[in-house]
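Asker: One structure, as structure tokens, below. Some questions next.
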Amino acid sequence: MWDFEQGEVLAFDKPLRWTSFDLVAKVRYNLCRKLGTKKLKVGHTGTLDPLATGVVIICTGRRTKLIESLQYDVKEYITTLQLGATTPSYDLEKEVNATFPTDHITRELIDKTIPEFVGEQWQKPPMFSAVQVNGKRAYELARKGEEVELKPKLLVIDEIEVLGFDEVKMQLSLRIVCSKGTYIRALARDIGERLGSGAYLTALRRTRIGETRVEDCMTIDQFLEQLKNYEPQNRSNEDK
């Protein structure tokens, strides 16, 4: 059984439209109530977009010391790209702001283009991201209509597998295995450009972090139900 005073590593399947911070805040609030304390160290090992679902690992107590090392675990995603258009956020958060030709896009072109993204890549983060700019998150500035230049970051994409391509709807489904710091929305943007068109995400699910798979995760509702039966142990100030 859990021992939150000593610290735990918890694997969650993040709900759609929740931020990673929403999930952390919900876990912290309910743990503090259960433990009868106002303070408890709680953090996550990697931000997941509000419009994405899937694996988010949360550490509590002394186990928060593991966050930095866990952030470097390889991540796997399943995603769907809409080709032929873009949005400012490169996903469904914003409305389409430009359309592009798609008549030239074939499965053959996709199979030729996708392998070009495997390996080390320089990627420019999207404006709608959690990147820090002068002490503020880039998405905060973007939502105010402010433009800032984000520097490209070096990352590694280990695998990209084409799961399906609908030539009528111009929708491309991919499985992606990549390193820390990879923005799948930015990858969609870059794939669209490399195909001579545009692209944005219509669905994103993180299916793995390291050895933790989404099938191993619990929902927030399952966690709260199990927490009802949790009996707090003796705790020390170091764990708070």
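Asker: Among the residues of the stretch 85-100, are any part of a strand (DSSP E or B), among the aliphatic types (A, V, I, L, M), more than 25 Å from L16 (Cα to Cα) and modelled with pLDDT of 95 or more?
Answerer: Yes.
Asker: Between a residue in the stretch 173-184 that is farther than 10 Å from Y72 by Cα and any residue that is β-branched (V, I, T) and part of a helix (DSSP H, G or I), which pairs come within a Cβ distance under 7 Å, given they are 6 or more apart or on different chains?
Answerer: Correct list of pairs: I176/I184.
Asker: Turning to a different aspect of this structure: Could you tell me whether any residue of the stretch 215-229 is more than 14 Å from the chain's Cα centre (by Cα), surrounded by fewer than 17 Cβ atoms within 10 Å (Cβ to Cβ), farther than 22 Å from L51 by Cα and polar (S, T, N, Q)?
Answerer: Yes, there is a match, as at least one residue in the stretch 215-229 is more than 14 Å from the chain's Cα centre (by Cα), surrounded by fewer than 17 Cβ atoms within 10 Å (Cβ to Cβ), farther than 22 Å from L51 by Cα and polar (S, T, N, Q).
Asker: For the stretch 37-63, how many residues meet the condition of being at pLDDT 90 or above, small (G, A, S) and not in a helix (DSSP H, G or I)?
Answerer: Total meeting the criteria: 3.
Asker: Here's something else I'd like to know. Residues in the stretch 19-36 that are touching a Pro at 6+ places or on another chain (Cβ under 9 Å) and either hydroxyl-bearing (S, T, Y) or free of Cβ contacts under 8 Å to residues at least 40 places away in the same chain (or both): how many?
Answerer: So the answer is 3.
Asker: Does the stretch 149-159 contain at least one residue that is surrounded by fewer than 17 Cβ atoms within 10 Å (Cβ to Cβ), at pLDDT 95 or above, β-branched (V, I, T) and under 30 Å from L66 (Cα atoms)?
Answerer: Yes, some residue in the stretch 149-159 is surrounded by fewer than 17 Cβ atoms within 10 Å (Cβ to Cβ), at pLDDT 95 or above, β-branched (V, I, T) and under 30 Å from L66 (Cα atoms).
The values are calculated or read from the model by the stated rules, or taken from the named source; none is laboratory data. All values reported here derive from a predicted model rather than from experimental measurement. Note: ideal-geometry Cβ built from the backbone for every residue, glycine included; neighbour counts use all protein chains shown.
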